[in-house]
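The values are calculated or read from the model by the stated rules, or taken from the named source; none is laboratory data. A quick note: this is a predicted structure, and the numbers were derived from the prediction, not measured. Cβ atoms come from the backbone with ideal geometry, glycine included; neighbour counts cover every protein chain shown. SASA here: full protein model, heavy atoms, side chains in, ligands and nucleic acids out. Shrake-Rupley method; radii C 1.70, N 1.55, O 1.52, S 1.80 Å.
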Amino acid sequence: MYSIVSTAIVHGIESIPITVEADISEGLPVFEMVGFLSAEVKEAKERVRTALKNSGFLLPAKRITVNFSPANIRKTGSGFDLPVALAILCALGMIPEDSLKDSIVIGELGLNGKIQGVTGVLPIVAMAKKNGKKACLIPECNRKEAGLVSGMAVYGMSDLKEAISFLNGGAYVEKTDINIEEIPLKERTYDFADINGQKMLKRACEVAVSGMHNLLMIGPPGAGKTMTAMRIPSILPPLDEEEQMELSKIYSVCGLLEQSETLLKERPFRNPHHTITPQGLSGGGTYPKPGEISLAHKGVLFLDELPEFQKTTLEILRQPMEEKKVHLVRAYGNYVFPADFILVAAMNPCSCGYYPDMQRCRCSQTAIERYLNKISQPLLDRIDISIEASKISYDELNEEMENETSEQIRQRVVRAMEVQKIRYQEEAFCYNSQIPSSKIKEYCALTPELEDYMRQMFQKLNLTARSYHKILKVSRTLADMESSERIRKKHLEEAICYRSLERKFFQRGGVR
């Protein structure tokens, strides 16, 4: 007696199809499971045996062998319980094999036969549809998540008895309707209209978002750095359908996709504490899960008090900021997580926070150098825009004038991004910050006069090749914001100003 049930395992944010085979034959009574299994999968046989007993199905005193193929892939997670139980029942003839044809099954079993939810349902169901499956049998609590994949028949099951009855021809009754249009967008609570003063800081935020550039804010305590960063998501453009699906897969794998929601429609804003570990930031573990930089995909990763993070943690950002993805290598396989985010960082200029105001700064030159040296030059090179958040005066704080709303700024951002999408529609990238060095001359062309100007700036500011390219990319964004086909001198000058703080605060070998 032999049967096959299809299931899958999450790998990265995608999934790999897995076949569960069950064979029941004469011999010594034993329940054996093979196929490169982790501890939680090996334990499934006890959960399955007890769940079947408590559901009224006793396993015969025969040799039961369950195989998971392909055998060279490590099987992890608790979602194999239901496939194993149904494969055994199929082999015993209690369920017709045709009922599971073109279907995929996932779910964890409780000892009482209840089917419990699992993580990563969205990428598994999306993969099943891509591979030609027509239906999925999943836990009832995961049904809304699975219903986000159009064109798949989704059957949510509450317990093992219900699943067996349905597969034997019983009627399926939906507990709740899936209506992916009924959930409105969350109301925005932060708005740039709340910020008085800091015109240059707000301008830098608009430029950064318009070209998806990384941003560093430096200033004394209470200048509004965190307040400003919290409002950046309110000027980001909406996610398109492909981006919604990709982001939702990441959150599904982490178990963060709320069952009451549709595909994630809001761009994420992640604000990890400075005590976060390197693995928490990049992702990791024995069986890697996405970290904060992947949870910030297509959104904002905000690192407040940047120098307080471990230096090894910050250095992990260097490769993902360039490649827009994270590569993790483990004994059981290679994992790739997307990490296309805007890095927004905030920091004080010294430990006390008041340098270069020598009337208030209490730090020694050595202490200031030690504090600033926590930020390496290679990481600074990857930040496109550095802006000073200066102290707010009393008059600015109590100024009675109507500030621009986030929606007004957002409309300009969307217009600038549309210009970029049209320009790069034949390319593998979409935004100015992503222009590869091989395309710089094509998309950031300068006149001979501007070439001479940049040659002088390159030598005067002691720029690196990467920081030079960053200036050109920001200049391209500034030109797009003005609907200018060509980069002009004023665009270059503003872009250079956004790197002048490096000379003011990060000059190596002498801060004061």
| message | Just to be sure I understand, how many residues within the range 416-459 are open to solvent by 90 Å² or more (accessible area, probe 1.4 Å), within 20 Å of His213 (Cβ to Cβ) and of a type outside the set (D, E, K, R)? | response | 3
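Against the condition over 30 Å from Leu122 (Cβ atoms), out of contact with any strand residue (DSSP E or B) (no Cβ under 7 Å at 6 or more places or on another chain) and either crowded, with 23+ Cβ neighbours inside 10 Å or without any contact (Cβ under 8 Å) to a residue 12 or more places away in the chain (or both), how does Gly222 come out, does it pass? Lay out the reasoning, then the answer.
On the way: over 30 Å from Leu122 (Cβ atoms): yes; out of contact with any strand residue (DSSP E or B) (no Cβ under 7 Å at 6 or more places or on another chain): yes; either crowded, with 23+ Cβ neighbours inside 10 Å or without any contact (Cβ under 8 Å) to a residue 12 or more places away in the chain (or both): no.
No: the conditions fail for Gly222.
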| said: I'd like the full set of residues that are touching a residue at least 60 places away in the same chain (Cβ under 8 Å), within 14 Å of the chain's Cα centre (by Cα) and open to solvent by less than 20 Å² (accessible area, probe 1.4 Å), limited to the range 225-259. | reply: Ser248, Ile250, Ser252, Val253, Leu257
| message | Looking for something farther than 15 Å from Leu109 by Cβ, among the small types (Gly, Ala, Ser) and buried (at least 19 other Cβ atoms within 10 Å of the Cβ) - is there at least one such residue anywhere in the range 54-70? | response | no
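Among the candidates Ser376, Ser406, which residue alone is surrounded by fewer than 15 Cβ atoms within 10 Å (Cβ to Cβ) and hydroxyl-bearing (Ser, Thr, Tyr)?
Working: Ser406 fails: surrounded by fewer than 15 Cβ atoms within 10 Å (Cβ to Cβ).
So the residue among Ser376, Ser406 that is surrounded by fewer than 15 Cβ atoms within 10 Å (Cβ to Cβ) and hydroxyl-bearing (Ser, Thr, Tyr) is Ser376.
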| field | Members of the range 14-65 that are under 36 Å from the mean Cα position of the chain (by Cα), assigned to a strand (DSSP E or B) and not polar (S, T, N, Q) | value | Glu14, Ile16, Pro17, Ile18, Val20, Glu21, Met33, Val34, Leu37
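When the residues of the range 192-216 are filtered to those that are within 17 Å of Pro237 (Cβ to Cβ) and part of a helix (DSSP H, G or I), which remaining residue is modelled with the lowest pLDDT? Steps first, please.
Initially, the range 192-216 is screened for residues within 17 Å of Pro237 (Cβ to Cβ), giving 192, 205-213, 215.
Subset that is part of a helix (DSSP H, G or I): 192, 205-211.
Numbers: Phe192: 93, Cys205: 96, Glu206: 97, Val207: 97, Ala208: 97, Val209: 97, Ser210: 97, Gly211: 96.
That would be Phe192.
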| So which residues in the range 427-471 are basic (Lys, Arg), under 25 Å from Val414 (Cβ atoms) and in contact (Cβ under 8 Å) with a residue 40 or more places away in the chain? | Lys470
| request: Confirm whether Ala331 is farther than 28 Å from Val209 by Cα and free of Cβ contacts under 8 Å to residues at least 60 places away in the same chain. | output: yes
| When only residues in the range 125-144 that are open to solvent by 10 Å² or more (accessible area, probe 1.4 Å) and either of a type in the set (Gly, Ala, Ser) or within 22 Å of the chain's Cα centre (by Cα) (or both) count, which is nearest to Ser158 (Cα to Cα)? | Lys144
| query | How many residues does the range 336-374 contain that are touching a residue at least 12 places away in the same chain (Cβ under 8 Å) and within 27 Å of Leu281 (Cβ to Cβ)? | reply | 24
